[in-house]
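Engineer: The structure under discussion is supplied below as structure tokens; questions concerning it will follow.
The values are calculated or read from the model by the stated rules, or taken from the named source; none is laboratory data. Please read these numbers as outputs of a predicted model, since none were measured by experiment. So basically every Cβ, Gly included, is an ideal-geometry build from the backbone, and we count neighbours across all protein chains shown.
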Amino acid sequence: MTKFLIVFLSVIFVSSSAFSACYTMKEAEAEQGIRIHSELMVIALNCQHMTPKGQDNLYLQYKKFTKLHESVFANYERTLMKFFDVNSKGSSEREIHELRTAFANKISKDAAVMRPDGFCKAYMPRIQKASKMDDAELHKWASTIFPSHPVSQPLCSK
């Protein structure tokens, strides 16, 4: 009986860890939120010289956006760190850093391929739009998974 119980518990443990490498909707939103924040940083840095007259510098708008939503981004990071603690063999802080770096590198490649004025014309409105968002609007944006920006893990089935 004890042998059966050990085998049974082992199967349950292996099964649960096999299914744990998928995102809940909360984890998917967290990753998308981190993507948005990382992309906005790159846009702000690359396009701050093209800020329209009468507006705050784009990088300043990004910093205000970050400050306004710092608790949202902190919760997104905590959510992903919990996921990485369970599903990664490395440091969850390192995993967050690598995720942010990958997102920033991806949009930086777009900036490198496009002419600066073209890149800024295409991407600058994101900062202007984001700077007017409240937390609910940010959550809605982050919880929308666009085909062009899929999350890095499959979504868990219900």
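Engineer: Given (1) over 16 Å from residue 35 (Cβ atoms); (2) surrounded by 17 or more Cβ atoms within 10 Å (Cβ to Cβ), identify the lone condition not met by residue 73.
Structural biologist: Answer for residue 73: the failing condition is (1).
Engineer: Also, I was wondering about something else. Every residue in the stretch 129-144 that is assigned to a helix (DSSP H, G or I) and either surrounded by 14 or more Cβ atoms within 10 Å (Cβ to Cβ) or over 19 Å from the mean Cα position of the chain (by Cα) (or both), please.
Structural biologist: Result: 130, 138, 139, 141, 142.
Engineer: Which of the numbered conditions does residue 150 fail, given that it passes all the others? Conditions: (1) over 30 Å from residue 52 (Cα atoms); (2) out of contact with any Ser or Thr (no Cβ under 9 Å at 6 or more places or on another chain); (3) part of a helix (DSSP H, G or I).
Structural biologist: (3)
Engineer: Within the stretch 86-120, work out how many residues are charged (D, E, K, R) and either within 20 Å of residue 65 (Cα to Cα) or under 17 Å from the mean Cα position of the chain (by Cα) (or both).
Structural biologist: Here the count works out to 6.
Engineer: Turning to a different aspect of this structure: Of all residues in the stretch 1-23 being surrounded by 10 or more Cβ atoms within 10 Å (Cβ to Cβ) and assigned to a loop (DSSP other than H, G, I, E, B), which is modelled with the highest pLDDT?
Structural biologist: 22
Engineer: Sticking with this one: Does any residue of the stretch 57-67 turn out to be among the polar types (S, T, N, Q), free of Cβ contacts under 8 Å to residues at least 24 places away in the same chain, surrounded by 14 or more Cβ atoms within 10 Å (Cβ to Cβ) and not in a loop (DSSP other than H, G, I, E, B)?
Structural biologist: No - not one qualifying residue is present in the stretch 57-67.
Engineer: Looking at the stretch 127-141, I want the residues that are touching a residue at least 12 places away in the same chain (Cβ under 8 Å) and over 15 Å from residue 26 (Cβ atoms) and have a partner that is surrounded by 12 or more Cβ atoms within 10 Å (Cβ to Cβ) and of a type in the set (Ser, Thr, Tyr) with Cβ atoms under 7 Å, at least 6 apart or on another chain. Which pairs are those?
Structural biologist: 127/62
Engineer: Would you check if residue 26 is of a type in the set (Lys, Arg), modelled with pLDDT under 95 and either out of contact with any helix residue (DSSP H, G or I) (no Cβ under 9 Å at 6 or more places or on another chain) or not in a loop (DSSP other than H, G, I, E, B) (or both)?
Structural biologist: no
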